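Comments concern the structure below.
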Amino acid sequence: MTTDIAAASGLTDAERELLPTDDDVRWYAEHGWYLTRKLLTDDQVDTLTAASERYYAGHRDRTLAARPPNLAYWTPEQGPVQRHNDYVHYEDDTIGAILRSPLIGAVAARLAGAEEIRIWQSTLIYKPPRPEEPTNHVPWHMDRHYWQTCTSERMLTAFVPFHDCGVEMGTITMVDGSHRWREIPGDDSTRHFAQRDRSELEQLLDATARHNGTEVTAVPMVIPRGHMSFHSCRTYHGSGHNVSDRPRRAISLHLQDGDNRWRPYRRPNGDAVVYNHDVLVRRTAAGSPDYADPDYCPAIWRS
């Protein structure tokens, strides 16, 4: 796909200049991650910060019709842990409007080689400046493991901090090139990292690297305000403790290409895997979950 992706869109000439170049797309294909140019204005970042504070104070424009089985949803009674709140693009109109930016979608489309990009999931994250807090450390994992009911291998994630974000704040860190690794068979990879021991996941990553004849090369994403990182759904990543004096505020915006559909998937023990969407989205004519439901999975880019 060439940079003509924006030709028929509503992007301005200035926004087209922010799209990944052909060299950038080749970099992403080789390394599994990409740092963008400045995609959000200072006003948009300020709006996200203010809206997140209203959200934490209880504001919702709408709430989920049902509670999915593996929902991440911080509430104040959980205390000063790392906060994760899924479906923020659905529950908060102010945040959702910014996350549905066609520019973000166009960047994702260039990287994924897709003609359409839809939102898959969004998680509002608040990592408090408490290095002793165990939940502040996110162990190594790849998102594809948790999206096994998806047919696509081209899904990707934008990590969107609300400020300059570096190592001291526990920024997201990629394992370079790991999206090209062959996996070790037999592991029940559908179990979320929050349900697994950190040392187990570190050992699994090291073993997978050896299985591919390589070593783990961790690259922290140093992200200026208004910029964001993208990574492939198959890229191993994690984040360290926030040792700064301020909270790390961000959104993980998970994106799917237009070809993605639901598929049945079973764990090694035979149990069917259920993703959170499966109890919320509308059904297709065949009766399966519709991952193109415009309420939960709106399209943000079509070339």
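The values are calculated or read from the model by the stated rules, or taken from the named source; none is laboratory data. Keep in mind it's a predicted model, so treat the numbers as computed, not measured. Counting neighbours? That spans all protein chains shown, and the Cβs are built from the backbone with ideal geometry, glycine included. Calculation scope for accessible area: heavy atoms of the full protein, side chains included, ligands and nucleic acids excluded. Shrake-Rupley method; radii C 1.70, N 1.55, O 1.52, S 1.80 Å.
Given a cut-off of under 8 Å on Cα pairs at least six residues apart, what relative contact order in percent is computed for the stretch 27-106?
After rounding, I find 32 percent.
Please sort 19-26, 134-141 by packing, taking for each peptide the average over its residues of neighbouring beta carbons within 10 angstrom, highest first.
Working: 19-26: 15.1, 134-141: 18.1.
Peptide ranking by packing, descending: 134-141, 19-26.
Could you run the Karplus curve 6.51 cos²θ - 1.76 cosθ + 1.60 with θ = phi - 60° over the stretch 218-225 and give me ³J(HN,Hα) per residue in whole Hz, x for Gly and Pro?
Once rounded to whole Hz, the list reads 8, 10, x, 8, 8, 10, x, 4.
Under the rule of at least 5 residues apart or a separate chain, name every residue whose amide H is placed under 5 Å from the amide H of GLY226.
HIS163
Please report the Cα spread of the stretch 107-150 along all three principal axes, rounded to whole Å, starting with the longest.
The principal-axis extents, from largest down, are 44, 22, 15 Å.
When the dipole is taken about the Cα centre of the stretch 72-135, and only Lys, Arg (+1) and Asp, Glu (-1) are charged at their Cβ, what size is it in debye, to the nearest 20?
Numbers: 6 positive and 9 negative charges, 48 e Å.
The dipole of the stretch 72-135 has a size of about 220 debye.
So what does the Cα-only Debye profile of the chain read at q = 0.08, 0.13, 0.15 Å⁻¹, as log10 I(q)/I(0), no solvent term?
Evaluating at q = 0.08, 0.13, 0.15 Å⁻¹ gives log10 I(q)/I(0) of -0.33, -0.95, -1.32.
May I ask you to give the solvent-accessible area per residue for the stretch 97-154, in square angstrom, as obtained with a 1.4 angstrom probe? Before the final figure, lay out the partial values.
Working: 1570 Å² over 58 residues.
Accessible surface, normalised per residue, equals 27 Å².
So for the stretch 178-302, Kirkwood radius off the Cα pairs, Stokes-Einstein at 25 °C and 0.890 mPa s: how many µm² s⁻¹? Mind dumping the intermediate values first?
Working: Rh = 18.0 Å.
The Stokes-Einstein estimate is 136 µm²/s.
Could you order the peptides 173-179, 50-56 from most to least packed, using the average number of other C-beta atoms within 10 Å per residue?
Details: 173-179: 22.3, 50-56: 16.4.
Sorting 173-179, 50-56 by mean packing, highest first, produces 173-179, 50-56.
Would you tell me the accessible area of THR151, worked out with a 1.4 angstrom probe on the heavy atoms of the protein chains, in Å² to the nearest 10?
70
Using the 2.2 N^0.38 Å rule of thumb for compact globular proteins, work out how the stretch 40-128 stacks up: its C-alpha Rg over that value, please.
On the way: Rg = 14.3 Å, N = 89, 2.2 N^0.38 = 12.1 Å.
The stretch 40-128 yields a ratio of 1.18.
Ignoring any ligand, DNA or RNA, what whole percent of the accessible area of the chain comes from carbon and sulfur when the probe is 1.4 angstrom? Let's see the in-between values first.
Details: 6490 of 13190 Å².
Carbon and sulfur together cover 49 percent of it.
Taking only C-alpha pairs under 8 Å that are 6+ residues apart, what is the relative contact order of the chain in percent? Present the calculation step by step, with values, prior to reporting the outcome.
Details: 610 pairs, mean separation 89.6, N = 303.
With pairs under 8 Å counted, the relative contact order is 30 percent.
Can you pull out the GluC sites (Glu not before Pro) in the stretch 196-265 that DSSP calls coil and that have at most 16 other Cβ atoms within 10 Å? Present the calculation step by step, with values, prior to reporting the outcome.
On the way: sites: GLU200, GLU202, GLU215; in loops: GLU215.
Hits after loop and neighbour filter: GLU215.
Which of ASP197, ASP278, ASP164 ends up with the largest GNM mean-square fluctuation for the chain, with Cα atoms connected below 10 Å?
Residue with maximal mean-square fluctuation among ASP197, ASP278, ASP164: ASP197.
If you filter the stretch 98-155 for GluC sites (Glu not before Pro), then keep DSSP loop positions with at most 15 other Cβ within 10 Å, what is left?
Working: sites: GLU115, GLU116, GLU132, GLU153; in loops: GLU115, GLU132, GLU153.
Within the stretch 98-155, the qualifying GluC sites (Glu not before Pro) (loop, at most 15 other Cβ atoms within 10 Å) are GLU115, GLU132, GLU153.
How far is it, in nm, from the label point at ASP23 to the one at ASP46 when both lie 7 Å from their Cα along the line to the Cβ?
That separation, rounded to one decimal, is 3.5 nm.
Could you give the spread of the C-alpha atoms of the stretch 78-180 along their three principal axes, from largest to smallest, in whole angstroms?
On the principal axes, the stretch 78-180 reaches 44, 36, 29 Å in Cα extent.
Have a look at ALA29, ALA72, ALA272 and tell me which one the Gaussian network model of the chain (Cα, springs below 10 Å) gives the largest fluctuation.
ALA272
Can you tell me the dipole magnitude for the chain around its Cα centre, using point charges on the Cβ only (Lys, Arg +1; Asp, Glu -1), in Debye to the nearest 20? Could you put the intermediate results ahead of the total?
Details: 34 positive and 43 negative charges, 115 e Å.
Computed charge dipole of the chain: roughly 560 debye.
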